[in-house]
Every structure is written in structure tokens, then in C-alpha cells.
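Beneath this line is the structure, given in C-alpha cells, with notes to follow.
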Amino acid sequence: MDRKPLIAGNWKMHTNIEEARQLAAAVVKAAARVPDREVMIAPPYTALAAVESVIAGTGVMLGAQNVHWEGKGAFTGEISGIMLRDIGCGMAIVGHSERRHVFGESGRMINRRVKGALQSGLIPVFCIGETLEQREAGQTMQVLENQVRAGLDSVALTDGGQLVVAYEPVWAIGTGKTATEAQAQEAHSFIRGLLADLYEKNIAAQIRILYGGSVKPDNIDILMQQNDIDGALVGGAALNAESFERIICFQ
């Protein structure tokens, strides 16, 4: 199955509006050089409208860093998928390790967010990954299976393009440590098998699985050569125009 590569930038709690505009403009230029892949950027909520005005009509997709499962209501501090679609988002990151481990989001809550994203027409970028302690204890695959089955419980798909999965080993996020290409491929292959168990074969084969965790210009090429790695979810390196351009234009 030929899956179109996706390079996604998660800006986290960085950039003011002018910085976001400038960075988005640089991303547009880089993405135009490589039409055989897709690019998504997820700025902070305050910069979504400004970034959308820069990338509109360019093919670069706008993403949110989280999404609530209800369309509206008394949920102070949350933003619904309907609101995100209204501002131009096509994707939403769900279950990022910082949401799990810093803010205590459970598998059940993440499952509701995945469903909420799909119901509002957003593509969820569903994040999973093990901690260093879990990897050293030999629990990586069990953790991934638990997270996949909890997060995708009763999540119906009619097309594999409706979902993106991002494998982000927690021990590699922002630490400078990166899973070796063999470690990343092993995890991605395992995840692909789980998806094949949950969905029809053709749907599972269409789902893109991204690698995230200290992705940099000097490791993107070897990561993207692995059979089951379909792209990258990039944090720190996505905040530097030159670095992210190199990652977008991987070879």
C-alpha cells in the first residue's frame, strides 16, 4: 500500500502571532518544493487564525494540539472540533505524551477525543508511546497495545485516511535521544499489526504511522527509509524554519 508521507509540526506552547506568521510562511515555501508529501502544522490556539491566513490555498494543513469531544458546552478551557473546523483545521493531535503524563489524560478520555475529532470531520493524530522505565522493563509492546486498544476502542473507520497514528517514545521527546531506526521500525511494524487486527485489511494498510521523538535534520532520512514509518511528528525542530525545511524535504 502506497501511503503519502506526512510531516507534522507541533509548535506546543511557542510563538506569538507574528512569529507564527513568519514560520508558517517558511513552511509554505518548503512544502511547495516537495509536492509528493503532505505537511501539517499545529500552532497554539492563539495563532490558528493568523497561520490559517498564511497557509490558505497552499496545501499545507492546519492542525490543533488537542480537541474536546463535545461540540459545545460548559467546558472551560476546551475547544471543540466544530470550532476548530470553523477556523480552518483539518487535523487535531490527540493523546500526546504531555497530555497523558503532564495533564493526566486517561485512555478513556483520549478515546473520547479521538471520536470527537472524527465526528467533527477532523483527522485525529493519535499519539502513543512508552516511558523509559517501561522500555527498560521490556514492556514496550504491551504498553503500545494497551494504548492502541484503549484509544481506538469502538472507533469506526470507513477509510484509513481518517486516522493518523504517531508513535512517540516518551523517553525520546525533547531529550535529544532518538530511537534507532531499528527500534522505531520494530514499534511501527507492531502497531501496524495491531491496526490490522482492529480494522479491515485495506483500511489498516492505509493508516499512516508517524515517528515522533527528537526528530532532526540529521536523522529524518534514515527514519523515512523504514518500511512502516510514514512520516514524522516534529516538536522542537519544527520551530526553526531551516531545520523544519530540511525535515520536510527529506530524501
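The values are calculated or read from the model by the stated rules, or taken from the named source; none is laboratory data. For clarity, every value in this text was computed on a predicted model and none was experimentally measured. With ideal geometry, Cβ positions are generated from the backbone for all residues, glycine too; neighbour counts draw on all protein chains shown.
Within segment 194-211, how many residues are more than 19 Å from the chain's Cα centre (by Cα) and either crowded, with 22+ Cβ neighbours inside 10 Å or not in a loop (DSSP other than H, G, I, E, B) (or both)?
In the first step, residues of segment 194-211 are kept if they are more than 19 Å from the chain's Cα centre (by Cα); the result is 196-202.
Subsequent filtering for residues that are either crowded, with 22+ Cβ neighbours inside 10 Å or not in a loop (DSSP other than H, G, I, E, B) (or both) retains 196-198, 201-202.
So the count comes out to 5.
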- Task: Please work out which residue is surrounded by the most Cβ atoms within 10 Å (Cβ to Cβ), limiting yourself to segment 70-81 and to residues that are of a type in the set (Gly, Ala, Ser) and more than 19 Å from the chain's Cα centre (by Cα).
- Result: Gly71
- Return the pairs, sorted by first residue and then second, in which the second residue is in a loop (DSSP other than H, G, I, E, B) and at pLDDT 95 or above, the first residue lies in segment 9-24 and is crowded, with 20+ Cβ neighbours inside 10 Å, the beta carbons are less than 7 Å apart, and the residues are 6+ apart or on different chains. Asn10/Gln65; Asn10/Gly235; Trp11/Pro43; Trp11/Pro44; Thr15/Pro43; Thr15/Pro44; Ala20/Pro43; Leu23/Thr15
- Message: Taking the criterion of being without any contact (Cβ under 8 Å) to a residue 40 or more places away in the chain and under 30 Å from Gly176 (Cα atoms), would at least one residue in segment 144-160 satisfy it?
- Response: yes
- Scan segment 134-186 for residues that are more than 12 Å from Gly212 (Cβ to Cβ), of a type in the set (Asp, Glu) and outside any helix (DSSP H, G or I) and jot them down. Asp153, Asp159
- Item | Cys89, sole failed condition from (1) over 18 Å from Val164 (Cβ atoms); (2) within 19 Å of the chain's Cα centre (by Cα); (3) part of a loop (DSSP other than H, G, I, E, B) | (1)
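Go through segment 160-181 residue by residue and tally those that are aromatic (Phe, Trp, Tyr) and in contact with a strand residue (DSSP E or B) (Cβ under 9 Å, 6 or more places away or on another chain).
Of the residues in segment 160-181, 1 are aromatic (Phe, Trp, Tyr) and in contact with a strand residue (DSSP E or B) (Cβ under 9 Å, 6 or more places away or on another chain).
Here is a yes/no grid of residues against (1) surrounded by fewer than 16 Cβ atoms within 10 Å (Cβ to Cβ); (2) modelled with pLDDT under 95; (3) among the aliphatic types (A, V, I, L, M):
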position: Gln147; (1), (2), (3): no, no, no
position: Gln162; (1), (2), (3): no, no, no
position: Val165; (1), (2), (3): no, no, yes
position: Ile173; (1), (2), (3): no, yes, yes
position: Gly213; (1), (2), (3): no, yes, no
position: Pro217; (1), (2), (3): no, no, no
position: Gly231; (1), (2), (3): no, no, no
position: Phe250; (1), (2), (3): no, no, no
- Message: Give me the residue from segment 82-103 that is farther than 14 Å from Glu52 by Cα and among the β-branched types (Val, Ile, Thr) and, out of that set, surrounded by the most Cβ atoms within 10 Å (Cβ to Cβ).
- Response: Val94
